[in-house]
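Every number in this text was worked out from the coordinates using simple rules, so none of it is lab data. The structure displayed is predicted, hence computed values, not measured ones. Positions of Cβ are generated from backbone atoms using ideal geometry, with glycine treated the same way; all protein chains shown enter the neighbour counts.
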C-alpha cells in the first residue's frame, strides 16, 4: 500500500519553489537575491534559511545562479521549468476520471543500479502509482501520458514498460484500491487542509476592504498553495466509484479553489508592485 505521510511543517525550500512557480516564471524565470530574500521575509522566513534552501535547490538542479545587469540572482534551470510545468498539470488542471481503467508499470532494475531503482519508485509514487506485486505498479489510466513524459525526462524509461489494462477478475476493485493506496490517510490530509484553511477563508470574507491587504494576501496564498500542492501527489485520482462514500477530496478542492479566487489577484498585485519597487 502507498501510505500518506503526516504533513510536515512548511519548509523554506517548499515555499521558495511555490514562489518560483507562482511568480518568478512571470518575471522571466529570474529573481534577484535581494528581492527573493525580501519576499520570503513576508512569508516569515529569515535570510539564512533562504540562502541554504536555495543552495540545496541548486544542487538538485532546479535553480542556477545568474547575474543580470550586474545584479546577482537565481534563475530556473530547464529541469526546474519542467518540474514546475509538471506541478501545474497536477495542481491546477486535475480532472476527475470517470472510468476504472488502468495503466501498469512493469520494471526491473539491476541490483548494481539501486539508485536508479529508488528514483524510479519515487517517480512512480509521485505520479500516483501503487505497488500490486514486485516490479509491478498500477495507477488510473489518466496518468499514462504524464508518466511517459516524466520517466523519459528523468532518464528512467529504459527500466520500465507501461501497459494499458482492464480488471477482468477476480477481486472487488474498490476493496483492492483501498489495499493499494492509503485512502484513509489521504482523506485525513484533505480533512486537515479543510480544518486549517476554512477559518482563513472566513476571515478574508469578513474583511471590509481586503484590497488594502495585498501583502497579507501574498503571504497567505503562498502558504495555502505550498500546503495544497502536496496533496495531488498523494492522491492517485481514482474515479468516484472507487472512493469512500465520505471522501473529503472534493470539499478540500472546492476550498482551495475559493481561496485561490480570493487571494490570487491580490497576491499578484503585491508581487508586481514589489518587483517594480512600488510596494
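Some values worked out for this structure:
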read-out	value
Relative contact order of the stretch 126-279, defined on C-alpha pairs under 8 angstrom at six or more residues apart (%)	32
Ranked by how many other beta carbons lie within 10 Å on average, peptides 61-70, 257-266 from highest	257-266, 61-70
Overall dimensions of the stretch 12-80 as given by Cα atoms, namely Rg and Dmax in Å	10.8, 29
Gap separating the Cα centres of the stretch 138-176 and the stretch 12-49, nearest whole Å	35
Helix-derived mean residue ellipticity, 222 nm - over the chain, DSSP H n ≥ 4, -39500 (n - 2.57), to 500	-17000 deg cm²/dmol
Ellipsoid semi-axes in whole angstrom, largest first, where each is sqrt(5λ) of the Cα gyration tensor of the stretch 182-275	29, 14, 10
Where Rh is the Kirkwood radius over Cα pairs, Rg/Rh for the chain	1.00
227, 196 arranged by Cβ crowding within 10 Å, fewest neighbours leading	196, 227
Net length gained if the chain between residue 58 and residue 113 were fully extended (0.36 nm per residue, minus Cα distance)	17.4 nm
Whole-percent pair-distance distribution, where bins are 10 Å wide, for the alpha carbons of the stretch 61-216	8, 26, 28, 21, 12, 4, 0
Value of Rg to Rh for the stretch 102-166 (Rh from inverse mean 1/r over Cα pairs, i.e. Kirkwood)	0.93
